[in-house]
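Each remark here refers to the structure printed beneath this line.
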Amino acid sequence: MQKATYKLLNHIEDTVIYNDVLPYMKAKYQDGFATLVIPDVVAVDLNRRQGCLKLYEGATFNETWGHEDGGSRIDLDTANLMINMVSDLSIIGTPIVEDIFLRGGISLDTIAFDLSRWKESLNSGDRQQRLARRFDPSEIEQLQQIHIAGERLFSNGDFYIRNVVRQEQKAVLVDWNYFKGFRCCYIDYRVNILAFAYIHMWGNTQWQSRLRALALERFGISEIEFANAAVIKAVEQYLFLTNNTDICDMFCNAMVRTVKETLAIFRERPEPGCEA
């Protein structure tokens, strides 16, 4: 009997991912991937609101990545693995994915990152209050000057090392469930996807340096573009963590530190910094 893992389909976005997107992506693109493996959907039970994915064997990182250490025990070569996975994701036609969601009755606003809406969200009630706890008004104003551009890709949104199963030269990307908001988006800028993986490794600066260097080399991303994306994703992770008090403060503090240190660099070098 095939081993499988079950996930609740709490949102219509989950149902479309399991029922339509993943099977289509697997059939159309899997043979063209050098590293990435899209998981097989074994079954979808709409009555029980459950999706069932094949359970893959291989090396996992649940034991070596933790909220309290930020990936300090993770091997450096996994940075190369993440870059190779993003290269494979670049093959997928984003308009095709968008069309599948639209045909499923889902607005792209719910699954795609949008910079203007992100900036507007920072001024909304609860998010504004939580930002004000740790950031001063000038830092919050700087966030409104963040600029980001480049190619947008389809991914699981929650793209970091703990959601990878390594199999020799291949890597299975797991955890495709939907997250509302700007933290994890099915459609996002390539640099944002990379930055999400980057900020989760806050306890391993060598790993972060390697990922950033590889991103600049492989995809032609600039230092300032990567820094902007890291700020966006660190802000989102901070806001997420302040809604989840069971997660240790070290992770939250690391996100605050990432934002503050990067914004300070922008202030010292305004000419290549954030532009509206």
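The values are calculated or read from the model by the stated rules, or taken from the named source; none is laboratory data. Just so it is clear, the structure is predicted and the values come from calculations on it, not from any experiment. Note that each Cβ is placed from the backbone with ideal geometry, even for glycine, and that neighbours are counted across all protein chains shown.
Worth pointing out:
- Counted residues, region 17-37 - those being within 18 Å of PHE101 (Cα to Cα) and either within 19 Å of the chain's Cα centre (by Cα) or part of a strand (DSSP E or B) (or both): 5
- TYR56 among the aromatic types (Phe, Trp, Tyr) and surrounded by 15 or more Cβ atoms within 10 Å (Cβ to Cβ): yes
- Total residues in region 50-71 satisfying the condition of being closer than 26 Å to GLU13 by Cβ and outside any strand (DSSP E or B): the figure is 7.
- Positions within region 157-208 being among the small types (Gly, Ala, Ser), in a loop (DSSP other than H, G, I, E, B) and under 23 Å from ARG257 (Cβ atoms), in sequence order: GLY181, GLY203
- For ARG183, the criteria (1) surrounded by fewer than 23 Cβ atoms within 10 Å (Cβ to Cβ); (2) in contact with a strand residue (DSSP E or B) (Cβ under 8 Å, 6 or more places away or on another chain); (3) not acidic (Asp, Glu) hold in every case but one, which is (2).
Results for (1) more than 22 Å from GLU13 (Cβ to Cβ); (2) surrounded by fewer than 20 Cβ atoms within 10 Å (Cβ to Cβ); (3) among the polar types (S, T, N, Q), shown as yes or no for each residue.
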site: HIS147; (1), (2), (3): yes, yes, no
site: GLY150; (1), (2), (3): yes, yes, no
site: LEU153; (1), (2), (3): no, no, no
site: TYR160; (1), (2), (3): no, no, no
site: GLN167; (1), (2), (3): yes, yes, yes
site: LEU194; (1), (2), (3): yes, no, no
site: ALA197; (1), (2), (3): no, no, no
site: THR205; (1), (2), (3): yes, yes, yes
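- Verdict on ASN228 being under 15 Å from the mean Cα position of the chain (by Cα), at pLDDT 95 or above and under 14 Å from TRP118 (Cβ atoms): yes
- Filter pass, SER124 being of a type in the set (Ser, Thr, Tyr) and at pLDDT below 95: yes
- Against the test of being within 20 Å of SER87 (Cα to Cα), at pLDDT below 95 and among the polar types (S, T, N, Q), the options GLN169, GLN208 yield a single qualifying residue, GLN169.
- Residue in region 132-154 that is among the aromatic types (Phe, Trp, Tyr), assigned to a loop (DSSP other than H, G, I, E, B) and either under 24 Å from ILE17 (Cβ atoms) or modelled with pLDDT under 95 (or both) present: no
- Looking only at residues in region 80-95 that are free of Cβ contacts under 8 Å to residues at least 60 places away in the same chain and over 25 Å from MET201 (Cβ atoms), the one that is surrounded by the most Cβ atoms within 10 Å (Cβ to Cβ) is GLY93.
- Members of region 118-137 that are among the basic types (Lys, Arg) and under 20 Å from the mean Cα position of the chain (by Cα): LYS119, ARG127
- Residues in region 209-222 that are assigned to a helix (DSSP H, G or I) and crowded, with 20+ Cβ neighbours inside 10 Å: LEU211, ALA215.
- Region 1-33 - residue that is among the small types (Gly, Ala, Ser) and touching a residue at least 12 places away in the same chain (Cβ under 8 Å) and, of those, nearest to LEU46 (Cα to Cα): ALA4
- Region 104-117, subset without any contact (Cβ under 8 Å) to a residue 60 or more places away in the chain and more than 17 Å from the chain's Cα centre (by Cα), residue nearest to ALA27 (Cα to Cα): SER107
- Selected residue (only one of ASP114, ASP69, ASP109, ASP77 is more than 16 Å from LEU194 (Cβ to Cβ), crowded, with 16+ Cβ neighbours inside 10 Å and acidic (Asp, Glu)): ASP69
- Among residues of region 133-160, those that are under 23 Å from GLU268 (Cβ atoms), in contact (Cβ under 8 Å) with a residue 12 or more places away in the chain and of a type in the set (Asp, Glu), counted: 1
- Residue ID - nearest to LEU131 (Cα to Cα), chosen from residues in region 243-255 that are modelled with pLDDT of 90 or more and either acidic (Asp, Glu) or surrounded by fewer than 19 Cβ atoms within 10 Å (Cβ to Cβ) (or both): ASN253
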